[in-house]
Amino acid sequence: MIALHQTCHLADETATLALGTAIAPALRPGLIVFLQGELGAGKTTFTRGILRGLGYLGKVKSPTYNLIELYKISRLYLYHFDFYRFNNPNEWEEAGFRDYFNADSICLVEWPEKADGLLPRADLKFIFKVTEGGRDVEIQADTEAGKLCVKRWQISSRNNTLR
Ligand SMILES: Nc1ncnc2c1ncn2[C@@H]1O[C@H](COP(=O)(O)OP(=O)(O)OP(=O)(O)O)[C@@H](O)[C@H]1O
Ligand SMILES: [Mg+2]
């Protein structure tokens, strides 16, 4: 039975990048992914790994100031948000971000708590925790689409270890 709720230890920045890169091929348009954890926990680093895994070679900036960074990789749209600077969840509605959460796009959201109650439900959550020797990340699949994504990732990582 495949566990759909698991924790991984990430010993250093390279491990955080590698997890993002490994999960990238399992992502599909329409997925909503929440990235949670304190300041500096590794959410942007993980996103950088995902974008590398999708074949994006450019610079991956933190959306801290712009709130959103947009990527088009071949025919895939990926939106990377950071809502840390919202003082009030209504700012999310006012910013007009709702349209970005659609069936054709992958949305990665840092600080989803700051738009609490307004954001669509997450398919996947990655909850990062700072530990003495690096980071721990808890992976939680909350919808069928999220569970399928974790299954695709687990099958591909099993095949890679067998190789
Ligand atoms: N597994 C890890 N072990 C140790 N350091 C790490 C690990 N993963 C990432 N880092 C480092 O943590 C720092 C902060 O990472 P990052 O910017 O990704 O955090 P963040 O969660 O996006 O923070 P913020 O909430 O401020 O946007 C970076 O210097 C990065 O290299
Ligand atoms: Mg960040």
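Across the chain, C-alpha contacts under 8 Å between residues 6 or more apart give a mean separation that, scaled by the residue count, equals a relative contact order of 33 percent. Within the assembled protein chains, the solvent-accessible surface assigned to TYR100 is about 70 Å², based on a 1.4 Å probe. Shape analysis of the range 31-99 places it in the oblate category; the axes a ≥ b ≥ c from the Cα gyration tensor give an a/c of at least 1.5, with a/b not above b/c.
Extension gain for the segment ILE155 to SER62, taken as residue separation times 0.36 nm less the Cα-Cα distance, is 30.4 nm to one decimal. Ordering 67-76, 138-147 by mean Cβ neighbour count within 10 Å, with the highest value first, yields 138-147, 67-76.
DSSP bridge analysis restricted to the chain gives an antiparallel fraction near 60%, rounded to the nearest 5.
How would you order 16-24, 33-41, 107-115 from highest to lowest mean count of nearby Cβ atoms within 10 Å?
Numbers: 16-24: 20.3, 33-41: 18.1, 107-115: 22.3.
In descending order of packing, they fall as 107-115, 16-24, 33-41.
Taking Cα atoms only, the orientation of helix 13-23 departs from the longest principal axis of the chain by about 90 degrees. The spread of Cα positions in the chain, taken along each principal axis and listed from longest to shortest, comes to 49, 38, 33 Å. Shape class of the range 81-163 from the alpha-carbon gyration tensor: oblate, with a/c at 1.5 or above and b/c at least as large as a/b.
The values are calculated or read from the model by the stated rules, or taken from the named source; none is laboratory data. In this text, all values refer to a predicted model and were calculated from it rather than measured experimentally. When we count neighbours, we look across all protein chains shown, and the Cβ atoms used for this are built from the backbone with ideal geometry, even at glycine. The accessibility values were calculated without ligands, DNA or RNA, using every heavy atom of the protein model including side chains. Shrake-Rupley method; radii C 1.70, N 1.55, O 1.52, S 1.80 Å.
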